[in-house]
Amino acid sequence: MKTYDSIRKTVCKAIPAMLLGFALIFSTGQVASAQILNDITRRAKNAAETKIKMGADRAVHNTLDKAGKAIEKGAKNAADKASSKKSNASSSNVPEGRSGGAKASNGSTWYVSSAGSNKNDGKSPETPYKNVQKALDEAGDGDVICVAAGNYTGTLDQGFIEIKKYVSLVGGYNEDFSERDPYVYKTYIQTNPSHVSKNGSKAGINIDVSGSRSKTVMIDGFSVDMGEQALYCAAEPDNPVTGTPEGCLTGRKLMVGESPTTAKVGGAAQERRAIHGYVEGHLVIRNCVIANAYFYGIQVMNKGGDFEIYNNVFVANNYASCQIDSMTKDANECYVDFHHNTVLFSWCRDKVMEDMGYGYRFMSRVDSDVHDNIFGCSNLGAIDFAHHDPDKAIDAKRKLNIENNQFFMNVADMIIPSQSFMWLHVRCDEFEDVEGINESGNVELTDENFVSKINQPYLKGFANISVVASSSYNANSAANQVRRAFGINQQGSETIRVSMFANKYPFDEAYNLFGALNGCGAQIL
């Protein structure tokens, strides 16, 4: 219920993403032809050819090779086979970033498999632990934890794991650890309704590590999907209350406090992140899928150090896909290299769709290189550039680079403050006019093959989003007569209907986005 003065008139509005003219002609349920797509995105330039030649993903293999000298033959086979596999694929190598990459480890190697046992010693492929948390607790700084395919939901199935040391968590192995392929041997945390009462507000992966700015925490090939535990309306395309585009897995996501009188699926509306924490030193997150998070995909506080977040797929996360905040007093102590990620469907805070909904956020006192990413279908802005430090001298020292990214069907490619209380929606071809950033090579995406890799019902639903708000007011209702007698504001009601909002994205299909566009966005390892 809202006071009479706050009730809006009946409104029917299309989401501003449609300002780009995306009537994507899904008459057969397929993506528009290349010609139509080119017509729609006629402002686009050809993407600048990336100058970074795809090199081997050396950090993982250096780490494993170092440890492999002191461990069983299985680890060496895994590294050799993965390396051989990459050398035979012309476009299967992940490019290096600008932060210098992960620091190679010289620690011990531990093994985890869903077929293992915590009674094992965890020190060989033949004697793996069963739980990732057991290995994390036993490992020391500099150690590597190799994890076989499977769903790992923490000690006693609580629905989360905690990293409290400088370790490397490396998923994507087959059962005997003789081969590594994160896109075939999927290693992940996927919680479900049974975890609602177990994990509280814990993220899927929680990190709390400090003490050295030269040591590394790495999460590699270990994905998080929050879609089974989140709460949605059941898929009922004919019921406008549910916000279900035809062909989607679920209806719209439900926020805290919402309880429409429809069938529901999932667990509960909980403000849980996929990855959250506090890190001093190097943090590397790569080759992961971050999907369906209710409350940020990645939100980590930088306590001083260089972070590298790359070669990940972010899809259908609320609030923001990635936000790194500074916990330092001075400028230039926190750095993020965010590159070669595919970031799709970053949803707003709630179904009104008026705030949040960002891909990557430029936060105060954090230097950022954002390059060679794909940002698509952001519910508000692909890049958020609205946070500025109150200390103007410190804010002026912030170094922000945004280069060679491709943008697709975002409400705005960048959000910046305006002179009023509203945000300015900036297109990528206007980035050169934004003060405070260095930019080059940012274009609109026109590659039909990439678009075809997106779940088509989900994309079609987003392309046709509508929000309908209706209000009612009865001056003669019993409640309003009493309120008038006491000089209290009158009451009315407002109903908002959306055709889609943060519906669950198929987790397995998110892996199809790796390598969908050669040289930009997430690549194949």
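How would you order 375-382, 186-193, 155-162, 113-120 from highest to lowest mean count of nearby Cβ atoms within 10 Å?
Values: 375-382: 28.1, 186-193: 21.6, 155-162: 18.1, 113-120: 15.8.
In decreasing order of mean packing, 375-382, 186-193, 155-162, 113-120 become 375-382, 186-193, 155-162, 113-120.
Which parts of region 254-295 would a label at Val241 reach, counting a residue when its backbone N lies under 18 Å from a point 7 Å out along Cα-to-Cβ?
It comes to 254-266, 269, nothing else.
Mind ordering 305-315, 434-444, 502-512 by average Cβ neighbours within 10 Å, highest first?
305-315, 502-512, 434-444
Name the long-range amide H neighbours of Leu344: under 5 Å, sequence gap of 5 or more, or other chain; modelled H, no Pro or chain starts.
Result for Leu344 returns Phe314, Val315, Ala316, Gly376.
Say each of Lys198 and Tyr278 gets a label point 7 Å from the Cα, pointing the same way as Cα to Cβ; how far apart are those two points in nm?
With each label point 7 Å from Cα toward Cβ, the separation is 2.7 nm.
Tell me whether region 299-448 comes out rounded, prolate or oblate; compute the Cα gyration tensor, take square roots of the eigenvalues as a ≥ b ≥ c, and use a/c under 1.5 as the rounded threshold. List each step's numbers first, then the result.
Numbers: a/c = 1.39, a/b = 1.28, b/c = 1.08.
Since a/c stays below 1.5, the shape of region 299-448 is classed as rounded.
So what J values fall out for region 453-465 if you push phi through Karplus, 6.51 cos²θ - 1.76 cosθ + 1.60 with θ = phi - 60°, rounded to Hz, Gly and Pro as x?
7, 7, 4, 5, x, 5, 5, 4, x, 5, 5, 10, 4
Using the Cβ atoms and a cut-off under 14 Å, what net charge is assigned to the surroundings of Gly277, where Lys and Arg are +1 and Asp and Glu are -1?
Working: positive: Lys164, Lys165, Lys202, Arg272, Arg273, Lys303; negative: Glu162, Asp208, Glu280, Asp325.
Once positives and negatives cancel, what remains is +2.
So for Lys253, Lys303, what's the accessible-area order with a 1.4 Å probe, most first? Don't jump to the answer; show the numbers that get you there.
Details: Lys253 0, Lys303 65 Å².
Listed by decreasing accessible area, they come as Lys303, Lys253.
For a quick check: with amide H placed at 1.01 Å from N, whose amide H comes under 5 Å from Gly281's, ignoring anything fewer than 5 positions away on the same chain?
Counting only residues 5 or more places away or on other chains, the set is Lys303, Gly304, Gly305, Asp306.
Taking the mean number of other Cβ atoms within 10 Å as a proxy for protection, how do you rank 408-415, 289-296 from highest to lowest? The partial results should precede the final answer.
Values: 408-415: 25.6, 289-296: 28.4.
Going by the mean number of other Cβ atoms within 10 Å, highest first, we get 289-296, 408-415.
Across region 153-300, how many lysine pairs, 8 or more apart or on two chains, come within less than 16 Å at their alpha-carbon atoms? Before the final figure, lay out each step's value.
Details: Lys164/Lys202; Lys164/Lys215; Lys165/Lys215; Lys253/Lys264.
Taking the Cα cut-off of 16 Å, the pair count is 4.
The values are calculated or read from the model by the stated rules, or taken from the named source; none is laboratory data. Computed from a prediction, not measured in an experiment: that's the story for all the values here. Please note: Cβ atoms are built from the backbone with ideal geometry, for glycine as well, and neighbour counts cover all protein chains shown. Heads up: the accessible areas ignore ligands, DNA and RNA and are worked out on the full protein's heavy atoms, side chains in. Shrake-Rupley method; radii C 1.70, N 1.55, O 1.52, S 1.80 Å.
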